[in-house]
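A short worksheet on the structure shown next.
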Amino acid sequence: MVRFRISGAAALLGLLGACAQPAPAPLVVDPYAGRPSAGYTGNLAGLGATAEDFRTTAGDTVLFSQDQATLGAEARATLVRQAEWLKRNGSFSSVVEGHSDEQGTREYNLALGARRAGAVQEYLIAQGVEAGRITTRSMGKERPLEVCSTPECYDKNRRAVTIVQPGAGV
Amino acid sequence: MIRLTRTPTCAHRPKAALPTLLAAVAAAWLPLAGPVLAQEAPAAGAVAEAAPSADAVAGDEDSGPLRIEITGGQVEAMPIAVAPFFDEGGAAEMARQVQQVMTADLTGTDLFRTIPPEAHVARPQGFDEPVAYADWRAVNAEALVTGAVAVADGRVTVKFRLFDIFSGQPLGDGIQFDVEETSWRRAAHKAADQVYARITGETPYFDSRVAFVAESGPKDARLKRIGIMDYDGANPIWLTDDSALVLAPRFSPDGQQLLFTSFARGAPQVMLMDITTLDTRALKQEAGTMSFAPRFSPDGRWIVYSREKSGNTDIWQMDVATGAERPLTSTPGIETSPGYSPDGTQVVFESDQSGSPQIYVMPADGSGEPTRISFGPGRYGTPVWSPTGDLIAFTNQQDDRFHIGVMRPDGGDEKMLTESFLDEGPTWAPNGRVVMFTRQTPGGDGTPRLHSVDVTGRNMRPVDVQGAASDPDWGPLLP
């Protein structure tokens with residue numbers, strides 16, 4: 001694995017050189033799809049490639065049971081990989097975004113999403129990631145991944161997503 | 001019994017230059033104390049003369065011959081005749097519209113049904129003509145509304161009278177409202193409010209507004225903006241754009257400010273907006289925390305809200321002017337959706353400290369322990385104290401069905417008013433007799449819409465809002 005301690009654009013070059021793959025289309029996690037600016041303008045290419053690397057090698061999403069913020073075995077394994085990635089890439093900070101399914105009231109779900117994000121944050125810190133590199137926010141039930149109203153969709157929507165971004169770390 | 005107070009003649013709206021179109025639109029309804037001049041009809045006029053015994057009839061609430069008890073066993077709507085409103089100058093179309101709005105207000109309560117005009121026997125030729133009671137009895141009208149409208153120089157004059165047909169007497173004074181032409185619906189609502197109040201004995205609510213969130217776009221990338229509309233969905237205006245996710249607007253007690261929750265800075269944060277100027281500021285918030293679910297105290301000095309830190313959410317109280325704040329709860333559970341009792345002494349909220357979300361009441365000064373008041377099946381949330389203090393409305397979830405319900409503040413007399421895939425977030429009409437809430441349909445095309453239901457649960461209907469809408473907050477009765 002290539003170890004990065006360099007800025008975004010250089011990181012992209014490094015990735016291309018090492019893997020000799022065609023450049024992937026920049027894939028940007030946009031938690032606020034539809035906003036005129038998601039706040040990432042100016043560094044999208046580098047961020048896209050790096051966020052992609054984080055998602056591919058660590059996995060950015062952990063899932064929760066109904067009404068729960070408890071981390072299951074699968075979630076803990078993902079978070080161990082996330083912590084390793086963040087420790088390897090010390091110039092990156094992260095935002096943990098907690099989500100709920102649409103069952104329950106808007107306000108309770110905001111608090112529940114925060115509880116989930118908090119559980120992830122706490123676990124990452126316990127794995128050795130500096131506390132100052134992890135912020136949290138809750139989206140409640142406002143940004144479902146799946147739009148259908150079935151238990152299968154709800155399972156995917158009860159999640160916490162870790163979004164990494166360069167340059168704002170320690 | 002309701003009486004209109006004479007308001008000072010302040011006919012002209014302040015002409016402050018407003019910076020944006022949005023502000024100008026917002027201001028159009030804002031001079032709450034300005035445009036509607038409620039006055040008793042001039043003593044020399046026929047309106048007042050026609051109502052000599054008004055006090056005798058209307059002043060005694062219990063012995064009045066014409067009365068609907070909303071909380072009683074009333075199941076049949078009262079037949080009421082609305083005679084065609086007269087055009088007393090330049091008001092042909094306006095007379096029809098005022099009558100239509102007034103009639104819709106009354107029939108929308110399900111407490112009244114109108115007798116179709118083609119069935120009317122009496123055909124009065126003018127507003128001042130004596131009432132042919134026998135003709136109205138012949139069509140089984142129990143009450144009669146007559147009205148006249150005039151439009152001149154950008155102003156609308158609406159006058160109406162109410163008659164008790166069986167006793168053959170006027171019910172209360174005739175009243176005249178003068179408004180700017182753009183506020184003609186307010187005059188219609190004011191007149192309908194008078195009819196409603198005189199017959200039900202309740203305080204009125206038609207001349208009021210509702211803050212809400214308008215929604216557009218796909219379910220996984222919803223755009224939201226805050227609007228304010230008349231209680232019946234008319235005249236929507238926009239207070240925010242949709243560049244940031246916004247939730248749950250809440251009026252100040254005087255209707256001049258709005259609290260809401262914004263994601264503009266990433267994490268949810270409570271904002272305070274002056275509705276006249278649209279000036280908006282974020283309330284004090286410690287870095288790394290979230291704040292949401294705010295509500296004003298009845299005196300407007302305090303807000304209660306949810307504050308989250310390190311994943312845990314508690315109820316906090318803030319002095320709006322100084323930003324001084326303190327926690328009201330401190331548990332590992334989620335505490336949210338707080339709101340004051342109308343006398344300001346207690347706070348109702350939801351907490352999952354028992355293992356599932358339930359409703360609790362505690363002293364607003366933090367001096368005592370919370371008392372749980374919800375013990376029925378399922379989960380409870382979003383409690384809201386009625387303005388009259390007698391009931392708390394809430395959201396209840398049983399398995400995968402949602403209800404809007406009401407209970408007494410001690411938890412007694414629980415009653416579910418609605419049931420659907422997803423109902424949530426009740427808000428009270430200013431008189432505590434009707435609740436508005438959000439109903440969302442399931443699936444990828446699922447759409448939230450506003451509905452209202454009265455406290456008996458018998459009269460549920462959608463609010464006529466263009467497009468998807470959620471998070472209603474019913475503001476005060478306008479002056």
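The values are calculated or read from the model by the stated rules, or taken from the named source; none is laboratory data. Quantities reported herein were computed from a predicted structural model and do not represent experimental measurements. Here the Cβ positions follow ideal geometry from the backbone for every residue, glycine too, while neighbour counts run over all protein chains shown. Only protein heavy atoms, including side chains, enter the accessible area calculation; ligands, DNA and RNA are left aside. Shrake-Rupley method; radii C 1.70, N 1.55, O 1.52, S 1.80 Å.
Residues of region B:306-353 losing 50 Å² or more of accessible surface, assembly versus chain alone, probe 1.4 Å, please list them.
B:311, B:334
Give me D for region B:432-473 in µm² s⁻¹, whole number, from Stokes-Einstein with Rh from the Kirkwood sum over alpha-carbon pairs, 10 °C and 1.306 mPa s.
Values: Rh = 10.9 Å.
This corresponds to a translational diffusion coefficient of 146 µm²/s.
So how far apart, in nm, are the two label points at residue B:243 and residue A:125 if each is 7 Å from Cα heading toward Cβ?
Calculated label separation equals 3.4 nm.
Output needed for region B:243-344: three equivalent-ellipsoid semi-axes, defined as square roots of 5 times the C-alpha gyration tensor eigenvalues, in descending order, whole Å. The partial results should precede the final answer.
Numbers: eigenvalues 81, 61, 24 Å².
Computed over region B:243-344, the values are 20, 17, 11 Å.
Near the amide H of residue B:113, under 5 Å away, which other amide H atoms are found, from residues 5 or more places off or on another chain, if H is placed in the peptide plane?
Here the answer is B:78, B:80, since their amide H atoms fall under 5 Å of that of residue B:113.
When the accessible area of each residue in region B:370-399 is compared between its chain alone and the complete protein assembly (1.4 Å probe; ligands, DNA and RNA ignored), which residues differ by at least 50 Å², being lower in the assembly?
Hits at the 50 Å² cut-off: B:379.
In region B:209-477, carbon and sulfur make up what percent of the accessible area (probe 1.4 Å)?
Working: 4420 of 9240 Å².
Roughly 48 percent, rounded to a whole number.
Could you provide, to the nearest whole Å², the per residue accessible area of region B:209-477 with probe 1.4 Å? Spell out each step's value before the answer.
On the way: 9240 Å² over 269 residues.
Dividing the accessible area of region B:209-477 by its residue count gives 34 Å².
Tell me, which residues of region B:190-220 get at least 20 Å² less accessible area when the other protein chains come in, versus the chain alone (1.4 Å probe)?
Listed by number, the residues meeting the 20 Å² cut-off are B:219, B:220.
May I ask you to evaluate 6.51 cos²θ - 1.76 cosθ + 1.60, the Karplus curve with θ = phi - 60°, for each residue of region B:321-332 and list the ³J(HN,Hα) values in order in whole Hz, giving x for glycine and proline?
Going residue by residue, I get 6, 9, x, 4, 9, 7, x, 9, 10, 8, 10, x Hz, with x marking Gly and Pro.
Excluding ligands, DNA and RNA, what is the accessible area buried between chains B and A, summed over both sides, using a 1.4 Å probe, to the nearest 100 Å²?
Summed over both sides, the interface buries about 3200 Å².
Calculate one ³J(HN,Hα) per residue across region B:403-413 by plugging θ = phi - 60° into the Karplus curve 6.51 cos²θ - 1.76 cosθ + 1.60, and present them in order as whole Hz with x for glycine and proline.
Calculated HN-Hα couplings, in order: 10, 9, x, 9, 8, 6, x, 8, x, x, 6 Hz.
Over 22 Å between Cα atoms, which of A:156/B:219; B:284/B:309; B:159/B:190; A:141/B:309; A:87/A:141 qualify?
A:87/A:141, as the Cα separations exceed 22 Å there.
What is the sum of charges around residue B:381, taking Lys and Arg as +1, Asp and Glu as -1, for the other residues whose C-beta is under 13 Å from the C-beta of residue B:381? Spell out each step's value before the answer.
Details: positive: A:106, A:141, B:379; negative: A:67, A:107, B:335, B:350, B:352, B:423, B:424.
After counting each charged neighbour, the total is -4.
Residues with beta-carbon under 12 Å from that of residue B:398, excluding residue B:398: net charge, scoring Lys, Arg +1 and Asp, Glu -1?
-2
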